[in-house]
Amino acid sequence: MTTVSLTVNGQSVTADVDPRTLLVQFLRDNLRLTGTHVGCDTSQCGACVVHLNGQAVKSCTVLAVQANANIVTTIEGISQGGELHPMQAAFREHHGLQCGYCTPGMIMAAIDIVNRKGNALDEQTIRTELEGNLCRCTGYHNIVKAVAAGAQAMAQTPLRQAAE
Amino acid sequence: MYAFEYHRPTSVSEAAKLAGQADDMKFIAGGHTLLPTMKMRLAGPANLIDLGQIAELRGITRSGDTLTIGAMTRYVEVLNSAEVRDAIPALVEMTELVGDPHVRHRGTIGGSIANNDPSADYPAACLALNATIVTDRRKIAADDFFQGIFTTALDEGEIITQVSFPIPSQAAYAKFRHPASRYALVGVFVAKHTDGVRVAVTGAGSNGVFRVAEMEDALSRNFAADALNGISVAEDEMNGDIHADAAYRAHLVGVMARRAVQAATLG
């Protein structure tokens, strides 16, 4: 066992883990933060995307011990006081999901795109930047609309980077 | 994934010492090849030495005509580096095509070249740019470093510390991407140096990344896409799989080389 200490959604967490524990397993099984999903488990689909030190990563391809002393934000950490993050609200408003399995990863990826590329995102940029996130229901059309609207809303709303 | 013991050194010397003591060990850099391989139980090291906490392995510096990138520098840091963009913009453009944004937040240059995947991008950049791979023991020319699929000149326990790139006058990379994996079906990196042109091909060769002497000679005389007319690579030295047979890959090498030269001469 190896001791790992990190900050998850603003809370300090310390645990003894088997070194082969993936970050996504640690979040889901140890911390019961089951909003982060495991889709392919092969770094393709992006259902497991979380923010590690403010950058989107595939948490199925990071060991929990590699995240030692790091800051992790999951889908559970972005709303504040029961109010949805603007990107979450945009996905609901624009029906950017059907089954919902890819949605947590999509939203964490979308926020990361805004952090890197700003609030005015054209369709091509969004489609290119979402290439690490797969959706098998929607055909992406409403996801792209939701990301564009969410990006704009993030400029208007006071930034709610709850745990970042 | 098989169980392993995890080590987290904070200096190169500590990492080297651990590697010398540990039986059956692997270094982990960004982990975006090694971890999937371990999950599939194609690798099962007893000891995993994480290079992620070693500050001296990161960073980008330019000194005269040489750009030096630390081995644990992540792709995203290359993308965000004004120094790289200024010195070798082709390196930035190539890095934009590696994996996806999440992968680029974790993957490292040292990890990519130590792995020497036959479809990876950085081996082609190193070879075409005539890079020097610096380790904790010696300096290795890219021509000597890449020795076939997943094979390099690295000895057991040897750690890449940085990669030095001579700054070319013109360079570009053209990649035919596999649409699902985003690896190169064929990628060609072309670089014009003061002493001639170098052309490196990834994704295509059955023995990994390689240079094309005939293209280099033609482009050294005349750095234009038309100079490549009539030059082809041997089909029997190409990879063939369900995605593209050897003849198709051989054809793509010519097409991508032409596109790379066009991009380099426009830029």
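The values are calculated or read from the model by the stated rules, or taken from the named source; none is laboratory data. Source: prediction; values computed, not measured. A quick note on method: Cβ atoms are made from the backbone with ideal geometry, for glycine too, and the neighbour counts reach across all protein chains shown. For the accessible areas, the whole protein counts, side chains as well, though only heavy atoms, and no ligand, DNA or RNA atoms are used. Shrake-Rupley method; radii C 1.70, N 1.55, O 1.52, S 1.80 Å.
Observations, loosely collected:
- Residue within region A:66-74 that is among the hydrophobic types (A, V, I, L, M, F, W, C), out of contact with any Lys or Arg (no Cβ under 8 Å at 6 or more places or on another chain), part of a loop (DSSP other than H, G, I, E, B) and open to solvent by 70 Å² or more (accessible area, probe 1.4 Å) present: yes
- With respect to (1) of a type in the set (Ser, Thr, Tyr); (2) more than 9 Å from chain B (Cβ to nearest Cβ); (3) closer than 19 Å to A:Pro19 by Cα, the lone exception for A:Thr74 is condition (3).
- Answer residue from region A:31-46, given it is of a type in the set (A, V, I, L, M, F, W, C) and within 11 Å of chain B (Cβ to nearest Cβ) and is most open to solvent (accessible area, probe 1.4 Å) among those: A:Cys40
- Total residues in region B:139-168, condition on the phi > 0 side of the Ramachandran plot and surrounded by fewer than 18 Cβ atoms within 10 Å (Cβ to Cβ): 2
- Only a single item in (1) open to solvent by 10 Å² or more (accessible area, probe 1.4 Å); (2) within 14 Å of chain A (Cβ to nearest Cβ); (3) without any contact (Cβ under 8 Å) to a residue 40 or more places away in the chain is not met by B:Gly52, and it is number (3).
- Qualifying position, being in a strand (DSSP E or B), small (Gly, Ala, Ser), in contact (Cβ under 8 Å) with a residue 40 or more places away in the chain and buried (at least 23 other Cβ atoms within 10 Å of the Cβ), among A:Ala56, A:Ala90: A:Ala56
- Region A:8-30, subset closer than 18 Å to B:Pro36 by Cβ and facing chain B (nearest Cβ under 10 Å), residue most open to solvent (accessible area, probe 1.4 Å): A:Arg20
- Some residue of region B:177-187 being of a type outside the set (Val, Ile, Thr), touching a strand residue (DSSP E or B) at 6+ places or on another chain (Cβ under 6 Å) and closer than 19 Å to B:Ala90 by Cβ: yes
- Any strands (runs of 3 or more DSSP E) falling wholly within region B:152-206 and containing at least 3 residues that are assigned by TED's automatic domain parsing to the domain that holds B:Ala224: B:170-177, B:184-193, B:196-202
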